[in-house]
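The values are calculated or read from the model by the stated rules, or taken from the named source; none is laboratory data. Keep in mind that what you see is a predicted model, and the values were worked out from it rather than measured. Methodologically, a virtual Cβ is constructed for each residue, glycine included, from the backbone with ideal geometry; neighbour enumeration extends over all protein chains shown.
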Amino acid sequence: MKILIRGGRVIDPASGVDDLLDLFVEDGKIVRIEKSIGGTEPTEAGKGKGSRTAKPAESALNVDRVMDATGLVVCPGLIDMHVHLRQPGREDKETIASGTMAAARGGFTAVCCMPNTEPVNDTRSVTDFILDRAKREGAVQVYPVGAITKGLKGEELAEIGELFEAGCVAISDDGRPVMNAELMRRAMEYAAMFDLPVIQHSEDLHLSGRGVVHEGLVSTELGLRGIPSASEAAMVARDLLLAELTGARLHIAHVSTAESVRLIREAKARGVRVSCEVTPHHVALTEDAIRGFNTHAKMNPPLRSEADRQALLEGLRDGTIDVIATDHAPHTVQEKEREFDLAPYGVIGLETALAVTLTMLVAPGVLSLPQAIAKLTSEPARILNLSKGQIAEGADADLTIFDPNRDWTVDPATFASKSRNTPFAGWRLTGATVATLVGGKVAWEA
């Protein structure tokens, strides 16, 4: 398949490119990047939106399709390093097929699936199942994350070497912190042998107790048990010390507090090998979103105070926070429509992440467009040691084409995901995916 993508604003943070360029894709690779490939101007649209008939100069290239990207942004395919696909075990919430299609609709060409499936991804056989199913049914590339401990119980290390050999790109007990500091130290030492990132859900369960929301004014007003910011920050501090001790690569998932941002910033200045991520919902929302006992705003870590949100924005600005990741966590309608205390934690985000980023971070000037794209492409690729997240001749043709100015209203009923638990229902957002290419093939198109 030969595709010519013409006239788009090509943004590649990895190389610093930001220019109006044409891309020529052949056999799944980017083979040419030039100002004008074929030397012609756009004509009337051909078959399908974003297509047009080839002119003579283009025909000489034997192009199968021309995609007119005039007025659009073309960037490396987005990479989400924190997704729950639920399969195997909870196919009522999400499947690899539905989750990866949601990813493609959101502009993501690759996702990393967390290990809290049923059974847990703590053995080669589960990893093999995920990779095989993704190869057969996935709309985008799937990179499994293996468990740190067997069964996510925090008692005994999983076979980390086996998981690495099977294809896992990181290890994590996501959803459950590794409370035992000695066990976490050994996990870091073992992972360092394979240069695997250790992804930690930072939470001191003793401090969190039975809390369900952020401990603050809103929790007091609603009579809900609170989770203090110190619950996250205490675990972040412990793991930073362990990473400094072992020399391992530590990645802090879904940072939510000002204290955590400060601790990570200071650790980076000392040379600790630490990276971290923030979710779109934590930079867009605060604890006020739970008013009315809105379970679609219940997640872990919980939505925090406005002061915490501002600290997250500053962390994005100064580079302390490396990545924007969704923590896409699908749940059934029946599960979420329960009393607040009983409803599960988590929200979905694959189909809204890009638009929320553009609306809440780029439009107000928190990040430039290239900076935002870097946190969705080249930065996760760097942390995970993936040869992705770049636009270069010879690179895989994993590309996202989006309209940065298109307004749309979030309607969960139209989602490709099997779940509807989004806190952004009814929001008016700016920025929409037009097409997602994976390995030179169109995985989704508006």
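Quick notes on this one:
- The criterion of at least 3 residues that are over 26 Å from LEU376 (Cα atoms) is met by the following helices (runs of 4 or more DSSP H) wholly inside region 199-283: 205-208, 217-222, 229-246.
- Residue within region 157-165 that is surrounded by 23 or more Cβ atoms within 10 Å (Cβ to Cβ), assigned by TED's automatic domain parsing to the domain that holds THR109 and assigned to a loop (DSSP other than H, G, I, E, B) present: yes
- Meets criteria (over 29 Å from THR95 (Cβ atoms), among the acidic types (Asp, Glu) and either surrounded by fewer than 21 Cβ atoms within 10 Å (Cβ to Cβ) or assigned by TED's automatic domain parsing to the domain that holds VAL111 (or both)) for GLU306: yes
- For the criterion of being closer than 20 Å to LEU350 by Cα, outside the structural domain of ALA425 (by TED's automatic domain parsing) and of a type in the set (Ser, Thr, Tyr), THR246 fails.
- Hey, GLY365 within 17 Å of the chain's Cα centre (by Cα), among the small types (Gly, Ala, Ser) and at positive phi or not: no
- Scanning region 236-248 for residues that are surrounded by fewer than 24 Cβ atoms within 10 Å (Cβ to Cβ) and in contact (Cβ under 8 Å) with a residue 60 or more places away in the chain gives LEU242, LEU245, THR246.
- Selection within region 203-216: residues that are free of Cβ contacts under 8 Å to residues at least 60 places away in the same chain and crowded, with 22+ Cβ neighbours inside 10 Å. The member of this set that is nearest to THR295 (Cα to Cα) is GLU215.
- Of all residues in region 1-38, those satisfying the criterion of being at pLDDT 95 or above, over 23 Å from GLU379 (Cβ atoms) and not in a strand (DSSP E or B) are ASP27, GLY28, LYS35.
- Against the conditions (1) of a type in the set (A, V, I, L, M, F, W, C); (2) within 30 Å of ASP22 (Cα to Cα); (3) surrounded by fewer than 18 Cβ atoms within 10 Å (Cβ to Cβ), TRP427 satisfies every one except (2).
- Set side by side, the residues THR400, THR414 differ, and just one is of a type in the set (S, T, N, Q) and surrounded by fewer than 21 Cβ atoms within 10 Å (Cβ to Cβ), which is THR414.
- Residue ID - nearest to ILE171 (Cα to Cα), chosen from residues in region 111-142 that are touching a helix residue (DSSP H, G or I) at 6+ places or on another chain (Cβ under 8 Å) and of a type in the set (Gly, Ala, Ser): ALA134
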